[in-house]
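Q: First the structure, which I've put down as structure tokens, then a few questions once you've had a look.
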Amino acid sequence: MCNAAKPWLYVKRSIGSAVAGTKKGQIPFERLPGPWALPVLGPINDAVRLGNPKTLHLTVSNYHRKFGPIFRIKISQANAVFIKDPEMMRSVFVYEGKYPKHPLPESWTYFNQKHKCKRGLFFMDDEEWFKYRKLLNPLMMRDTDWMVLPIQRMCEKAVQSLSEGVTKDNPSYEIQNIESTLYKWSIEVILCLMLGNSYNTTNMAKLNTLVNDFSRTVHTIFQYSSELMMIPPQLADCLQLSAWKKFERLVPETLALANKIIDISLDDIERGDGLLSKMQDCIASRDDIKRIFADLIIAAGDTTSFSMIWCFYLLGRHQILQDQIRSGIYENFKSPHPLVIGTVREALRMFPVAPFIGRILKKDAVIGEYSIPKHVML
């Protein structure tokens, strides 16, 4: 018999705690506007109200037009509040405290709990998160000049690979499987930042097969995780849905490939001047280094590659901008070109790969005029 939690029972959860503690002049949480839900439908409400995960940002935008700058909705078993007002957003950060807590994809967290899998920084909370974030901040945020050369090397390699089919006789060569190519490129950028000058031609060859397999599995795994966005993973597991079975099979494979890449980088490749070497100086545990890097490599896959695809799409429609950006980059690679910044911002605005920044309240808050209880997802 399946022991998964019965997610359809969440509709009976009382909202009483949401009203407790509301002070005079504050609007109670249950009076926040939002789309309707039928209790008898349970988790089916998510699909009805939120629609296709690929167009979630458009659905939320339509709700904002209907309900205003703040509205509430139940997603799976959690109360969620969506905000688009800048002042309200700033007030959220005031309440987040020393250890911000952000929502995580349910399919990943359920997998981690079920298989007792420890993960990297993205899945850490509270003091553990703060400890490693404090160690990584100086390496990744304060002095970033050292990152320019590794990124430039991988970009030049990718450009050379993409332009191999272009000749005088075939100037309009059509690139096939650009999504897969950019997946591999984004992962190789992280590896080059990780290994620094030791990520040379010889060592690239050592890792090439693993990197190809890894980029393929990561690419596939995010397709299944997006399918699981609209159904509680416990239910998907209980029903043994195809998307869950494939997701559950691919996650261990992906983590094993990531760990193997890092093991080879630590054991069979000379120590370079990259992030891996810097982390070895401040993090004693090899396992901690591996799980932090594994998540960094996994996270590099879809966000960076999809954003780059949309940038290519926008530039492909504006030849004049292509020429201006190309000449500007050749003149000065290190200084950000205004048109590059503008293209990236426009791509992220029109085709957002991560349209929401989420926080989970650890204490009761007042956002706008509304009393928001702790544990609500914003």
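Q: Under a point-charge model restricted to the Cβ atoms of Lys and Arg (+1) and Asp and Glu (-1), what is the dipole moment magnitude of segment 319-378 relative to its Cα centre, in debye to the nearest 20? Mind dumping the intermediate values first?
A: On the way: 8 positive and 5 negative charges, 66 e Å.
Dipole of segment 319-378, to the nearest 20 debye: 320 debye.
Q: Same structure again: Given Cα pairs under 8 Å that are at least 6 residues apart, what percent is the relative contact order of segment 193-298?
A: Values: 74 pairs, mean separation 47.4, N = 106.
Normalised by residue count, the contact order of segment 193-298 is 45 percent.
Q: How far, in nm, would the chain grow between residue 89 and residue 357 when pulled straight, counting 0.36 nm per residue and subtracting the alpha carbon separation?
A: Working: separation 268, 0.36 × 268 = 96.48 nm, distance 0.97 nm.
Full extension from residue 89 to residue 357 adds 95.5 nm.
Q: Something else about it: Can you list the aspartates and glutamates whose alpha carbon is less than 15 Å from that of residue 184, not counting same-chain residues fewer than 8 positions off?
A: 156, 213, 302
Q: Excluding residue 120 itself, calculate the net charge of residues whose Cβ lies under 14 Å from the Cβ of residue 120, where each Lys or Arg counts +1 and each Asp or Glu counts -1. Spell out each step's value before the answer.
A: Details: positive: 118, 119, 131, 133, 286, 290, 291; negative: 125, 128, 287, 288, 295.
Net of charged neighbours comes to +2.
Q: Let me ask something additional. Just to check I understand the Karplus step: with θ = phi - 60° and J = 6.51 cos²θ - 1.76 cosθ + 1.60, what whole-Hz values come out for segment 149-158, glycine and proline as x?
A: Once rounded to whole Hz, the list reads 5, x, 5, 4, 4, 6, 5, 5, 5, 5.
Q: Give the separation of the Cα centroids, segment 99-119 to segment 307-334, in Å.
A: First find each Cα centre; the distance between them is then 38 Å.
Q: For residue 367, list long-range residues whose amide hydrogen, built 1.01 Å from N in the peptide plane, is under 5 Å from its own amide hydrogen.
A: For residue 367, the qualifying residues are 372.
Taken together, the values in this text are just the output of simple stated rules run on the coordinates, not laboratory data. Here the structure is a predicted model, which is why all the values come from computation and not from measurement. Cβ sites come from the backbone with ideal geometry, for glycine too, and all protein chains shown count toward neighbours.
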